[in-house]
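Step one of this worksheet: look at the structure below.
The values are calculated or read from the model by the stated rules, or taken from the named source; none is laboratory data. Bear in mind that the values here come from a model prediction, so they are computed numbers and not experimental data. Cβ: placed from backbone, ideal geometry, glycine included. Neighbour counts: every protein chain shown. When the accessible area is computed, the model is the full protein with side chains, heavy atoms only, and any ligands, DNA or RNA have been set aside. Shrake-Rupley method; radii C 1.70, N 1.55, O 1.52, S 1.80 Å.
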Protein chains: 2
Amino acid sequence: MSTTTSPVDGSTGAGTAREIGIAVLGMGNVGAEVVRILRDNADDLRSRVGAPLALRGVAVRDLARPRDIDSALLTDDPAALVARDDVDIVVELMGGIDPARALIGTALLNGKSVVTANKALLAEYTGELATAAAGAKVDLYFEAAVAGAIPVIRPLMQSLAGDTVERVAGIVNGTTNYILSAMDETGADYADTLAEAGRLGYAEADPTADVEGYDAAAKAAILASIAFHTRVTAADVHREGISSITAADLVSAKKFDCTIKLLAICERVRSADGRQRVSARVYPTLIPHHHPLATVNGAFNAVVVEAENAGRLMFYGQGAGGSPTASAVLGDLVMAARNKVHGGRGPLESTYASLPVAPIDDVLTRYYVSMRVADRPGVLAQVAGEFSKRSVSIAAVRQEGAGDDARLILVTHRAPDRYQSECVAALEDMDAVIKVSSVLRLEGTDD
Amino acid sequence: MSTTTSPVDGSTGAGTAREIGIAVLGMGNVGAEVVRILRDNADDLRSRVGAPLALRGVAVRDLARPRDIDSALLTDDPAALVARDDVDIVVELMGGIDPARALIGTALLNGKSVVTANKALLAEYTGELATAAAGAKVDLYFEAAVAGAIPVIRPLMQSLAGDTVERVAGIVNGTTNYILSAMDETGADYADTLAEAGRLGYAEADPTADVEGYDAAAKAAILASIAFHTRVTAADVHREGISSITAADLVSAKKFDCTIKLLAICERVRSADGRQRVSARVYPTLIPHHHPLATVNGAFNAVVVEAENAGRLMFYGQGAGGSPTASAVLGDLVMAARNKVHGGRGPLESTYASLPVAPIDDVLTRYYVSMRVADRPGVLAQVAGEFSKRSVSIAAVRQEGAGDDARLILVTHRAPDRYQSECVAALEDMDAVIKVSSVLRLEGTDD
């Protein structure tokens, strides 16, 4: 650290290796933090890479907006920035499919490594991008796309490269976890809690991508692809959001010693005949209070990985925010830059296993069903009959209230989701059942 | 997966890249699992590496012992095995300094990559080994040396490569965690619990390395070296074991809403003048029940990492055992083999920061002190006086018992450890203090 290189202005210290040129696309929360860290930690980063990181430019949509950066580095022409000969690595933080897809594709084809946090893009086009990266022998890193600062992609791809992953289950969306934690704590209903989350900056003006599970589904697709060496896209992920969760559901979950979390679940589904498929799904889930994911509250994320030899691992930390996400981006950036200096490259997606995707119907799940029923003898027997008819066994039943407010809440054992949902459909047709008010799945138990 | 290569017998499938030759040194719990996985998962491993992994031989001490392996692969001459031209990667699982040190050194100098789980060796000789690896441009990987299956080394070295780690605190020894968890749960004393741990296979016949903290100290040295880009050896680690912890300490800890864990703590110590040093230390520690490490029980391990931008991360899983440790070894092996196929190499130790090690005296700690005192007025004032004299402020006091069993238990706020220990020494000289029965530190609070 004897020389005083500033990678932001592009000057080189004496006696160091050639600079590694960086282009940053997008200067929102994360981009601004990446630019700040490149500047503030320049000396450390150079020592770790073995060469100075030189920021060549930052592409933004609005050049007029004041930003904490030398304005000469700003451009509104990302394609021209990516095309520069002195750019070795492109950091894509714009989000969205277009123009990110074309910009990254061009960068890779031209031998530039890419670091991206773009989960929506990756959930659709990892195949296309990884092919381009493999052809050009460059890196495509995306640790920041799932669970913010928490190392999940690299551990799955590298640390577990010699193991067989059976299951990945995680809380990977901070907005929904904030809402569900707050509802559980305060007893408030969904709409009020969502509004409060918006006021506090935990929910966006249009919260659809978060609350309807699209964000988590994109992450599930990325995680499943890596974990099972199989290409899984967002369309392969069964998705249900949290907008129909009520305060009553959380109260009721508590009576079963559970809380409710929006989980992304990626599972290796093994048939009796030894055939393997993969399941990827996102839905609100009852999990027991003693489960490690039950205590992950607020905007935190956590991912549980179960592998044949490693057993159960858990990764926990901040899943969003400028600095945490920038930390993950910078880790990837340093590794990509090291590879530019020393040769070699990290692993790309590997899809050799090409396992088929199992539809949700075939997946073994447990159901939690809450319904308003007629307050008369024989209702439970009738309800139970619908389940036993389909070989779905009931684990626990609770009868609450009386008269107009008589309710029946039941939890089933594991059975194919198809039969579980058929049971619920049959209940909805029963005279004795006034209304099926809530249907949720239950995870994190061994039954 | 169309060809049927068996890397164990060394034959090559058609149309694949050249084999990557593997030598395994040591066939204990972990070595046997590594050999099994190399055989059982051969097809998957080949797909992930891009070439078959061919086991060239396994060095063992006792050739006569029956083992689940083709006996033609066994040898009692590890040096000859390592020297074979068709060995590309050496997996060292013998443990101990000699002959592992020379074998690994020779392997690296001859251009072979090395995967090792040998924490004792790494805690002393990482510098020498990393220099050899850098010279030969090969890999030296050691994920399995710390916290078994839990990815900690790779996340610290790679995922956090662009961040500034402030602190690493972990439960990294399963034996001591088993003992402390069992004492906390059953109320049994140390000697009985240690004996029970021995019977159950959680403690070795000579448990010294575990219970006196040597194992944890080696891991702390490895973690601190990586986290702070500074060479830290086992001798730099302040070390205290758990053999003096009593059942009464755990009861007493509970009254402060705490449990006791043996923690390995690596910290960036910042002086008021901006000077940075590192502290690495291992000692039994009171931590509050709400702290994420407090719920890590039995033989599980967990490591909490705090970084400037990432914030607080936690990694949790199985810290020991044949299969979990083998999972970590195999992850390293696949990555090292990939680099043999594709070129390039992973990062080695980086010691550019070369921060000085802060002695424990200078580190800010909190103390928990339990003492038998004379049952007369004024004792508390006298005791408190010794603390205030050294500017150590008292956070909480509890007086218990009466007469011959009168006890005073106090917890201090943060102050340099030197002053805390001076206070305790002064108490021991006080007439009113009959016996200082227990002195522990407290972590995991912000005070």
Any idea how many residues of the stretch B:322-337 are more than 7 Å from every other protein chain (Cβ to nearest Cβ), open to solvent by less than 10 Å² (accessible area, probe 1.4 Å) and among the β-branched types (Val, Ile, Thr)?
1
Filtering the stretch A:86-107 down to residues that are open to solvent by less than 10 Å² (accessible area, probe 1.4 Å) and of a type outside the set (A, V, I, L, M, F, W, C) yields A:GLU92
Between a residue in the stretch B:195-218 that is polar (S, T, N, Q) and any residue that is open to solvent by 50 Å² or more (accessible area, probe 1.4 Å), which pairs come within a Cβ distance under 8 Å, given they are 6 or more apart or on different chains?
B:THR208/B:TYR214
Regarding the stretch B:108-123, can at least one residue be identified that is in contact with a helix residue (DSSP H, G or I) (Cβ under 6 Å, 6 or more places away or on another chain) and open to solvent by 70 Å² or more (accessible area, probe 1.4 Å)?
yes
Criterion first (within 29 Å of B:ASN309 (Cα to Cα) and within 14 Å of another protein chain (Cβ to nearest Cβ)) does A:ALA220 satisfy it?
no
Which of the numbered conditions does B:VAL251 fail, given that it passes all the others? Conditions: (1) more than 14 Å from chain A (Cβ to nearest Cβ); (2) part of a strand (DSSP E or B); (3) surrounded by fewer than 24 Cβ atoms within 10 Å (Cβ to Cβ).
(2)
Out of the stretch B:37-96, which residues are within 26 Å of B:ASN110 (Cβ to Cβ), away from chain A (no Cβ under 14 Å), free of Cβ contacts under 8 Å to residues at least 60 places away in the same chain and charged (D, E, K, R)?
B:ARG56, B:ARG61, B:ASP76, B:ASP77, B:ASP85
Residue that is farthest from the other protein chains (Cβ to nearest Cβ), among those in the stretch A:145-161 that are in contact (Cβ under 8 Å) with a residue 12 or more places away in the chain and among the small types (Gly, Ala, Ser):
A:ALA145
Selection from the stretch A:73-98 of residues of a type in the set (Val, Ile, Thr) and under 24 Å from A:LYS137 (Cα atoms) yields A:VAL82, A:VAL87, A:ILE89, A:VAL90, A:VAL91, A:ILE97
So, in the stretch A:252-275, how many residues would count as being closer than 21 Å to A:HIS291 by Cβ and of a type in the set (Ser, Thr, Tyr)?
2
Can B:LEU263 be described as touching a Phe, Trp or Tyr at 6+ places or on another chain (Cβ under 8 Å) and not in a loop (DSSP other than H, G, I, E, B)?
yes
Suppose we filter the stretch B:143-172 for residues that are open to solvent by 10 Å² or more (accessible area, probe 1.4 Å) and in a loop (DSSP other than H, G, I, E, B); how many remain?
1
So which residues in the stretch B:301-321 are more than 7 Å from chain A (Cβ to nearest Cβ) and at pLDDT 95 or above?
B:ASN301, B:ALA302, B:VAL303, B:VAL304, B:VAL305, B:GLU306, B:GLU308
Going through the stretch B:344-360 in order, the residues found to be open to solvent by less than 30 Å² (accessible area, probe 1.4 Å) and either free of Cβ contacts under 8 Å to residues at least 40 places away in the same chain or of a type in the set (Asp, Glu) (or both) are B:GLY344
Working only within the stretch B:283-337, note down all residues that are within 20 Å of B:GLY174 (Cα to Cα), β-branched (Val, Ile, Thr) and touching a residue at least 24 places away in the same chain (Cβ under 8 Å).
B:THR285, B:ILE287, B:VAL296, B:VAL303, B:VAL304, B:VAL305, B:THR325, B:VAL329
